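All of the numbers you see were taken from the coordinates with simple rules; none came from a lab. Keep in mind it's a predicted model, so treat the numbers as computed, not measured. We place every Cβ from the backbone using ideal geometry, glycine too, and count neighbours over all the protein chains shown.
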There are 2 protein chains.
Amino acid sequence: MNQKNPLLVPELREMLDAHDVEALREFCEAAHPAIVAELLSALSGEEVWAVLKHAEPRLGADIFSHLDDDVQVDVVSKLPRGAIARLLTDMPPDDRADLFKQLPEELGDAVLPAIAQAEREDIRRLTSYEEGTAGAAMTSDYATLPPQLTASEAIEHLRRVAPDKETIYYAYVVDEARRLRGFLSLKDLIVARRDARVEEIMHPEVIAARTHDDQEEAARTIQKYDLIALPVLNGNDALVGIITHDDALDIITQEHTEDMEKLMAIGGSHEAGVYLRTSSWMHFKNRAGWVVILAVLGMVSGYIVHSFEDLLMQFAILATFMPMLADTGGNTGSQSATLVVRALALNEISPRNILGILAKELRVSMGLGLLLAVIAFGRVFLFRGGAAAPDEHSMTRIGLAISIALGLQVVTSTLIGALLPLGAAKLKLDPAVVASPALTTVVDITGLLLFFTTVKVILGI
Amino acid sequence: MNQKNPLLVPELREMLDAHDVEALREFCEAAHPAIVAELLSALSGEEVWAVLKHAEPRLGADIFSHLDDDVQVDVVSKLPRGAIARLLTDMPPDDRADLFKQLPEELGDAVLPAIAQAEREDIRRLTSYEEGTAGAAMTSDYATLPPQLTASEAIEHLRRVAPDKETIYYAYVVDEARRLRGFLSLKDLIVARRDARVEEIMHPEVIAARTHDDQEEAARTIQKYDLIALPVLNGNDALVGIITHDDALDIITQEHTEDMEKLMAIGGSHEAGVYLRTSSWMHFKNRAGWVVILAVLGMVSGYIVHSFEDLLMQFAILATFMPMLADTGGNTGSQSATLVVRALALNEISPRNILGILAKELRVSMGLGLLLAVIAFGRVFLFRGGAAAPDEHSMTRIGLAISIALGLQVVTSTLIGALLPLGAAKLKLDPAVVASPALTTVVDITGLLLFFTTVKVILGI
């Protein structure tokens, strides 16, 4: 729950005004860092720091890491360089690199020299990977073990390094070139004979990701194999970081938001996009692009309607079915597109399965098309009294024409909806780029052409 | 990747034909259980069991747990009762309960007496919780620690129970009534003095879920606090199970799929719904409901068009803008609905924020509406030559009427799109029930009414 507790803000401000250092420190220690961060979010950037600076430095950095990105930048922009450098030094490496990427360039450049060399290089390395890759998502605080240690020595080693590591439940065995030779869980070490050597009990076959892999792929690997952490290797097979189970949850949540928004024709990236804190101008920019493109494309549909004006004047009943035709095409197309996009995202299908998918969608859409054709025919037949149509064309024939057109529209829309994301995946594009609103507009056009053509053919005009 | 390796199937079948028990056992041990399960998925139910029965029973049950639900049921339905009972006994309790729920009732009843009492009661208890709750998602294989043990005794205890527990990285301290008194991580135990007592070093404030909590809420708690496992308490505050980090990933993925499909008007639950293995008939059933309802609702739009036929006959240019109007309303409404549904799901907003959300959507939609109105006016003005309209009404006036109607349509659609999910959330309904296709159909109706009314007012008809 991201709901702030407004009662706490006055109390916190009182402690700040009274310079009650002890109370402020206790406040920081009293709850989970995620909760403390949530409470602090209601304060201004200066106030947040006025609280956090009294916490034990590592705890302060931990709470700070749990703040939203924009609050972090806000806090940091008010601090002297030395304080920023100390804060960055104490932060977990992955959160630190993320913050650094958000800082204005001059501020980043000004702060770097005040940071110790090891941390400075770590920041440089982690920020060098492209956004959205496993390299950009990983942390560099992982535990390694020399192969010749015994199980009890290894446990002792992990005990010593524990405070500095993101996790000690998985430890990695590397050679001099940092190439990954195996991995061990703390459970393996606890269960093993005390004098068993690490190299005897380690698992030599390690599931790993590459720095350039997509972060979502890495998260899915963690999910598939129920891992606590996934090691990340660079081009030389050297271990350079790990992605932990909690990062996997955040990655999958972020990717899902982006998929859903792409599917609904909303642009923009969601590194730090929290709805209420995103400005109206940013919302406008993210939405306007597709809306305008699709509105202009909608004029094509309008042009088609315009060019069949004579037919519409002759058979006014056709206009009555145009919204149903457009809606139904959009709905059935969006359904198949959504199912295919999601199944691709979950690796349930790949473009190689195209024939099986089309066969299935054809069967489903023929069922849906038949059902809707019957409904449309019933509608024409039941209300044939009130309609304005020339006598020489019987209403049955018009009903038949509308029904067949609607059935064809359902089948083509469903197949187009399934084919477009499959095509995108085949071309290594994101299947979700074929947004449902775009699809709706496209099947509007194909649907109207189908509709008028079918009617003309069947009525013999 | 869920891609089967077709090369392995003939090799496996050869081993089976040759009754090469040693090779089959090695196959089961050679890779991660998730990979072995994936390879086995290409075989028939009988063949899967013919392989698994040669694995060490616990490993066989582990591999079996990684098979998709429908494959599990297929395998089990071919087995003698005794074999099913042994398999169920060795499976992780949560997977076992899930399988049991999928079995035909007679088979379940027939198998239960062959299972030892402890496991039988565990199955009865875990299957008793409602689908979608934390109780139904949890496992009962968690580790507990008596409070008076020292750290080194506690580690020794965890070492002994490790093979039977889902995780030993978190252990829970409970009193005689199984009420949760605290929790400890294995890291806490490793770092602590060897003679420190569990009750001294345990964390007495434990983040926990209740059996009746929504499983998604439990998964979000795991995500928020970066937990490896979340304890689940019953109505008497007694510890009854845990949900682990890997379950949280699966829950969030499943909930994402359901949210996305609901938003696209696709019904059905996704406990075991893998696209290609879901029958065409099931796909049809999941999709037909909304498609038919919306098609019938689309006839209302048709009726509105019908009732303004005279106006359309008089100003044919109006028909040209109808598809653009309908598309744009649907698109802008779906955008705001999607953003609000997602922000609600991520707890970024709640119905209490309604005024802030409406203010933001009003600003954004006024910008979008203005932009589109200008485009529409430009279109009317530029192509005024070819249009068929009575002379006494100047094209400028018609263009103005169309532009204003389009602007109003964008603003109302956006606000309706934001309001409907907020209203659903306020009524404790799932915000995603207000599917985007339904919204599109609704704003079609409001849009057409707005359009014709605005045009009539401005042209003074």
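Is there a pair in A:K165/A:K224; A:K262/B:K360; A:K165/A:K428 whose C-alpha atoms are over 29 Å apart, and which pairs would that be? Could you put the intermediate results ahead of the total?
On the way: A:K165/A:K224 24 Å; A:K262/B:K360 21 Å; A:K165/A:K428 36 Å.
Checking Cα-Cα distances, A:K165/A:K428 exceed 29 Å.
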In whole angstrom, note down how far apart the Cα centers of segment B:33-84 and segment B:186-228 are.
34 Å
Just need the relative contact order of segment A:227-386 here, percent rounded to a whole number, with Cα pairs under 8 Å and 6+ apart.
10 percent
Relative contact order %, chain A, counting alpha carbon pairs below 8 Å whose residues are six or more apart:
11 percent
Could you work out the mean projected area of the convex hull around the alpha carbons of segment B:143-245, in square nanometres to one decimal?
6.2 nm²
Aspartates and glutamates near B:K456 by alpha-carbon distance under 19 Å, same-chain residues fewer than 8 away left out - which ones?
B:E309, B:D310, B:D391, B:E392, B:D444
In degrees rounded to 10, the 0-90 angle between helix B:21-30 Cα long axis and the longest Cα principal axis of chain B is 60 degrees
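Tell me, A:M313, A:M260 in order of fewest to most beta-carbon neighbours within 10 Å? All intermediate terms of the calculation are to be shown ahead of the outcome.
Details: A:M313 14, A:M260 24.
Ascending number of Cβ neighbours within 10 Å: A:M313, A:M260.
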Note on segment A:194-298: alpha-carbon gyration tensor, axes a ≥ b ≥ c; rule is a/c under 1.5 for rounded, else prolate if a/b larger than b/c, else oblate; result prolate
Go through segment B:142-240 and name the chymotrypsin sites (Phe, Trp or Tyr not before Pro) that are in a DSSP coil and have 16 or fewer other Cβ atoms within 10 Å of their Cβ.
B:Y225
Please work out the Kirkwood hydrodynamic radius for segment A:279-459, using every pair of different C-alpha atoms, and report it in angstroms with one decimal place.
17.6 Å
Evaluate the relative contact order of segment A:194-315 (contact order divided by residue number), counting alpha-carbon pairs under 8 angstrom at least 6 apart; express in whole percent.
16 percent
Given label points at 7 Å from Cα along Cα→Cβ, what nm distances, shortest first, separate A:V21 from the same residue in every other copy?
7.4
GluC sites (Glu not before Pro) lying in DSSP loop within segment B:173-249, provided at most 15 other Cβ fall within 10 Å:
B:E176, B:E205
Is segment A:274-385 best put as rounded, prolate or oblate by its Cα gyration tensor, with a ≥ b ≥ c the root eigenvalues, rounded for a/c under 1.5, and otherwise prolate when a/b is larger than b/c, oblate when not?
oblate
Along Cα→Cβ at 7 Å, what distances in nm separate the A:E131 label point from those on the other copies, shortest first?
4.0
One finds the C-alpha centres of segment B:150-179 and segment A:408-461 to be spaced, in Å, by 59 Å
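Run the helix sum for chain B: -39,500 (n - 2.57) per DSSP H stretch of 4+ residues, divided by residue count, reported at 222 nm to the nearest 500 deg cm²/dmol. Please list the in-between numbers first.
Working: 22 runs with 294 residues, N = 461.
Result for chain B, helices only: -20500 deg cm²/dmol.
How large is the Kirkwood hydrodynamic radius of segment A:8-128, counting all unique pairs of alpha carbons, in Å?
Numbers: mean 1/r = 0.0688 Å⁻¹.
Mean inverse Cα-Cα distance, inverted, gives 14.5 Å.
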Mind listing the label-point distances from B:V300 to the same position on all other copies, shortest first, one decimal in nm, points 7 Å along Cα→Cβ?
3.1
Once the Cα atoms of helix B:215-224 and of chain B are each reduced to a long axis, what angle between those two axes, in degrees from 0 to 90 to the nearest 10, is obtained?
80 degrees
Listed by chain and number, the lysines with an alpha carbon less than 20 angstrom from that of A:K53, same-chain partners under 8 positions apart left out, are A:K78
I'm a student and want to see the number: the projected area of the Cα convex hull of chain A, averaged over all directions, in nm².
30.0 nm²
